[in-house]
Amino acid sequence: MKLVGISVAGITLASCVSACTKASGSSVDFTLDLSQAANAALNTNGGYLYSNGVIVARTLSGTYIAVSSSCTHEGGTVAYDGANSRFRCPLHGATFGNTGSVISGPTSTPLTQYTVTQSGTILHIKS
């Protein structure tokens, strides 16, 4: 019975470590077609959408940016505030710049920033 308990604990720990790794440092590599209705928010300066754990936004100057969508404080989903060029977490008010850098806490850990390249109507977002 003791051996079964140790095995279950080991499996549980492995699952937790795997989930934490995926949430904080998994590889990102996907595309978005700006001509599709589902991605229409990105055709407007200040618009944004969520995909694959990433928030992709179009700045007021028309450039595309992407950062992890989970706040580094307690995992709340950040939103893009295009008028102020920042990401904001509604849970406790953490704010982040366009690169994911911390503007104000309670967190001191930045959001992960991703590379966005555009080819015609296709955006490629990757780690």
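Bear in mind that the values in this text are calculations on the coordinates, not laboratory data. Predicted model, so just to flag it, every value in this text is computed and none were measured. When we count neighbours, we look across all protein chains shown, and the Cβ atoms used for this are built from the backbone with ideal geometry, even at glycine.
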Share of alpha-carbon pairs per 10 Å distance bin for segment 27-126, given as whole %: 18, 52, 26, 4
Using θ = phi - 60° and the Karplus curve 6.51 cos²θ - 1.76 cosθ + 1.60, what whole-Hz ³J(HN,Hα) does each residue of segment 33-50 get, with Gly and Pro shown as x? 9, 5, 7, 7, 4, 5, 10, 4, 4, 7, 8, 10, 4, x, x, 7, 8, 10
Placed amide H near C71: partners under 5 Å, 5+ positions off or other chain: G76, T77, V78
Positive-end extreme of charge dipole, segment 27-126 - chosen from A83, Q113, T95 (charges on Cβ): A83
Sorted by average packing, counted as other Cβ atoms within 10 angstrom per residue and highest first, what order do 27-40, 87-100 take? 87-100, 27-40
How would Y114, Y50, Y80, Y64 line up from fewest to most surrounding beta-carbon atoms within 10 angstrom? Y50, Y64, Y114, Y80
